[in-house]
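Taking it in order: structure first as structure tokens, then the write-up.
The values are calculated or read from the model by the stated rules, or taken from the named source; none is laboratory data. This is a predicted model, so every value here is computed, not measured. As a convention, Cβ positions derive from the backbone with ideal geometry for all residues, glycine included, and neighbour counts pool all protein chains shown.
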Amino acid sequence: MDLKSQINIEKLPRHIAIIMDGNGRWAKQHGKARVFGHRNGVTAVRETTEAAAELGVEYLTLYAFSTENWKRPKMEVSALMRLLVETLHKEIDTLNKNDIRLQAIGDISKLPKSTYKTLLEGIENTKDNKRMTLVLALNYSAKWEIMEASRQLARQVQAGEITPDDIDEAAFSNALNTKGIPDPELLIRTSGETRLSNFLLWQIAYAELYFTSIFWPDFRKENLFNAIIDFQRRERRFGKISEQVVQ
Ligand code: IPE
Ligand code: IPE
Ligand code: MG
């Protein structure tokens, strides 16, 4: 049986989030500069997006640039920003053809002007698409997002619009960048690293974590299928005991 047919379509995660890692090490393995790894990572983005949409996943969030990534050599940062502009220009038609809506989370207004502008255009040009939402995490930091949400709620309290008791889980979720997006059920990280690197800390409170040693530029549809099959074999108990969990 091929991998895809082993997936139970009735039990698909609605939202998959991916920490795309290992571009630099992949490039090194090939005797090339790090940027070569980032360029080849685009193929993996395309394959994964297509595979997720074909299956019927509703949201795919890709961690593309963290707030901490500004600390990288200037040359790598600017190459990444240019690659993003180039890729968005190239892929917008395909996103529209595949009925995929683009969104972004993170402090995107701090991106270089051309990157920010291209990103906003991409979001605007795809806003009516319905099949899947592709969320790019750019200049993203979960701690920043949580602090921003706290500030927003504090200001609302100060203005007398809400009381402290109104701040429940739903209100807090609504103050995050991911407002309206269901929490990811499956989080994938490539490259063998087993950490979260400041990604979606609130939203993945109950996500299933899947780590693979594959470097991101080598990630293909089959690798996504394998992650989903693994996810579907797990029992998600949410604090209950096994006997209470209705399959
Ligand atoms: C992930 O690959 C891409 C970004 C963080 C932008 P890396 O560039 O982190 O690759 P490694 O971890 O150095 O191999
Ligand atoms: C996390 O990868 C950020 C992205 C994938 C964009 P990093 O490679 O930057 O993470 P650390 O620094 O190794 O934790
Ligand atoms: Mg890395």
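What to note about this one:
- Residues being within 16 Å of ligand 1 (Cβ to nearest atom) and over 18 Å from the mean Cα position of the chain (by Cα) - total across region 184-243: 1
- Yes/no for Ala51 being crowded, with 18+ Cβ neighbours inside 10 Å, more than 16 Å from ligand 3 (Cβ to nearest atom) and modelled with pLDDT of 95 or more: yes
- The set of residues from region 111-141 being buried (at least 17 other Cβ atoms within 10 Å of the Cβ), touching a helix residue (DSSP H, G or I) at 6+ places or on another chain (Cβ under 9 Å) and more than 17 Å from Ala79 (Cα to Cα) comprises Gly122, Thr126, Asn129, Met132, Leu134, Leu136, Tyr140, Ser141.
- Subset of region 26-41 [surrounded by fewer than 17 Cβ atoms within 10 Å (Cβ to Cβ) and within 16 Å of Arg189 (Cα to Cα)]: none
- Here Met147 meets the list (1) without any contact (Cβ under 8 Å) to a residue 12 or more places away in the chain; (2) surrounded by 13 or more Cβ atoms within 10 Å (Cβ to Cβ); (3) outside any loop (DSSP other than H, G, I, E, B) almost entirely, failing just condition (2).
- Among the candidates Phe238, Phe231, residue that is of a type in the set (Phe, Trp, Tyr), part of a helix (DSSP H, G or I) and more than 29 Å from Arg34 (Cα to Cα): Phe231
- Options Ser173, Ser197: the member that is within 29 Å of Asp218 (Cα to Cα) and small (Gly, Ala, Ser): Ser197
- Residue, farthest from Lys117 (Cα to Cα), within region 69-90, restricted to residues that are within 19 Å of the chain's Cα centre (by Cα) and more than 12 Å from ligand 1 (Cβ to nearest atom): Thr87
- Per this entry, Lys32 is counted among residues that are over 18 Å from the mean Cα position of the chain (by Cα) and outside any helix (DSSP H, G or I).
- Region 184-221, residues that are surrounded by fewer than 18 Cβ atoms within 10 Å (Cβ to Cβ) and closer than 23 Å to Arg101 by Cβ: Trp202, Lys221
- Residues in region 199-217 that are over 22 Å from Asn69 (Cα atoms), among the aromatic types (Phe, Trp, Tyr) and not in a loop (DSSP other than H, G, I, E, B): Tyr210 alone.
- With respect to the conditions (1) of a type in the set (A, V, I, L, M, F, W, C); (2) in contact with a Gly (Cβ under 9 Å, 6 or more places away or on another chain); (3) crowded, with 20+ Cβ neighbours inside 10 Å, Ile9 falls short on a single one, namely (3).
- Verdict on Ala44 being part of a helix (DSSP H, G or I), away from ligand 1 (no atom under 11 Å from the Cβ) and not charged (D, E, K, R): no
- Filtering region 27-41 to residues that are more than 21 Å from Glu91 (Cβ to Cβ) and within 7 Å of ligand 1 (Cβ to nearest atom) leaves only Arg34.
- Checking each residue in region 108-128 for being assigned to a loop (DSSP other than H, G, I, E, B), within 18 Å of the chain's Cα centre (by Cα) and over 20 Å from Trp70 (Cβ atoms) picks out Thr126, Lys127.
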